[in-house]
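Below: the structure, in structure tokens.
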Amino acid sequence: MLENDTNLQLSIIDFVNRNFLMNSDAVKYSNADSFMERGIIDSTGVLELVNFIQQTFKITVNDEDLTPENLDSVNNLVSYIKRKKTTGS
Amino acid sequence: MEKIIKAVCGAETVEDSLFYFLYNNCSEQRRIRASKFYRKEDAYRSLIAESLLMYCLNHEGIAGDVNICIDSETGKPFLENSSLHFNITHSGDWVGCVIDDSETGIDIEKIREMDKGIANRFFSDSEKKMLFGCNNKERFNDLFFKMWVLKESYIKAIGKGLSCPLNSFSVLPYDNHKIDLVLHKETLPHKYFRLYDISSTYKCAICSSDEKLPDSVDIMSVEDLVELIRNKENN
């Protein structure tokens, strides 16, 4: 079920909203927005985000994968998770 | 030089007049950065951080127009035309700044509930042994954030960020002064640490290249900072 883009996006957005934005409607962000630049996620939040995607999508996030290109927006996360699921790298 | 370690409390609720003063006091680059944040509190913290840094540099006799640059390889900020090192941090109600003549890092974090899976994924075996020995959730969270601010201050000092695997070194805090650093990779540099009790709900750590660390952090309010900057401008 979680393999298509929309379900992946919804799952990530739900986690981000619940854990970092306290379900506030006041904060609107696009799927391309940088979590760090917009102040949505801080450094501790990155650890929580990695823990979430490892547990939810059953993938291993390697140390070298901890980059903004993989983790710093909804779109980047969707691409990263899909790539890990299909190729494992 | 004597290390400068200062922190500002009350960063989440800033009166309009203070906000406008800080906004006008900051560089255009910082204003643009602050305007990108969704929450006003993040903008406050960002403006306070640069104002605090510039005040401290001014206090050290460094011209106010010193430029902050970013190392294109590591992303670490540095001062153009100065040999001084600095680092800033902000979390919740706090903003902190350290200035030294060698590599240094500072981190402040608000204590909150943390999942054991995070420690399992990111912390070293000796850190996990210490952490999982905590007999209740409150102690676990308290020790987790002590370790986290120490680790973060280290990776900020060496300018590596998360590209330095967090389990490639261990920080073992026995008390605020006695903190062991064990390096699991030969290429990592040795550093010294201290934890500071700035609040019961936050943790603060400094990482330094030498052993001489002050006993306390100089704490001020946002009003104090603005007053100090105004006084400096008028002198």
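Read-outs: derived from the displayed coordinates by stated rules, not from any lab. Quick caveat, the model's predicted, so the values are computed rather than measured. Ideal geometry is used to build each Cβ from the backbone, glycine not excepted, and the neighbour counts take in all protein chains shown.
Projected onto their three principal axes, the Cα atoms of the stretch B:25-153 cover extents of 51, 33, 28 Å, largest first.
Relative to the compact globular guide of 2.2 N^0.38 Å, what is the alpha carbon radius of gyration of chain A, as a ratio? Numbers along the way, then the final one.
Numbers: Rg = 12.2 Å, N = 89, 2.2 N^0.38 = 12.1 Å.
That works out to 1.01 for chain A.
Put +1 on the Cβ of each Lys and Arg and -1 on the Cβ of each Asp and Glu in chain B; which of B:ILE229, B:VAL8, B:VAL182 then has its Cα farthest toward the positive end of the dipole? It is B:VAL182. Relative to the dominant Cα principal axis of chain B, helix B:40-59 is inclined by about 80°.
The alpha carbons of the stretch B:1-64 occupy a box of 38, 24, 19 Å along the principal axes, longest dimension given first. In plain terms, if you count all Cα to Cα distances in the protein assembly as shown and split them into 20 Å steps from zero, the share in each step is 31, 59, 10, 0 percent.
Applying Stokes-Einstein at 4 °C and 1.567 mPa s to the Kirkwood radius of the stretch B:85-128, computed over alpha-carbon pairs, gives a translational diffusion coefficient of 102 µm² s⁻¹.
Please list the three semi-axes, largest first and in whole Å, of the ellipsoid equivalent to chain B, using sqrt of 5 times the eigenvalues of its alpha carbon gyration tensor. Could you put the intermediate results ahead of the total?
On the way: eigenvalues 186, 80, 52 Å².
Semi-axis lengths for chain B are 31, 20, 16 Å.
Measuring how big the stretch B:110-194 is from its alpha-carbon positions, Rg and Dmax come out at 12.2, 36 Å. For chain B, the longest principal axis of the C-alpha atoms and the axis of helix B:16-25 are separated by about 90°. Between the amide H of B:ILE158 and any residue lying 5 or more places away or on another chain, no distance stays under 5 Å, with hydrogens modeled in the peptide plane. The angle separating the long axis of helix A:5-20 from the principal Cα axis of greatest extent in chain A is about 50 degrees.
I need to check one value: relative contact order of chain A, counting alpha carbon pairs closer than 8 Å and at least 6 residues apart, in percent. Averaging sequence separation for qualifying contacts and normalising by length gives 33 percent for chain A. Averaged over residues, the count of other Cβ atoms within 10 Å places the peptides B:155-168, B:134-147 in the sequence B:155-168, B:134-147, highest first.
As a length-normalised measure over Cα pairs under 8 Å and 6 or more apart, the relative contact order of the stretch B:110-194 settles at 26 percent. Peptide A:37-46 is shielded by partner chain Cβ atoms: per residue, an average of 6 of them sit within 10 Å of its Cβ.
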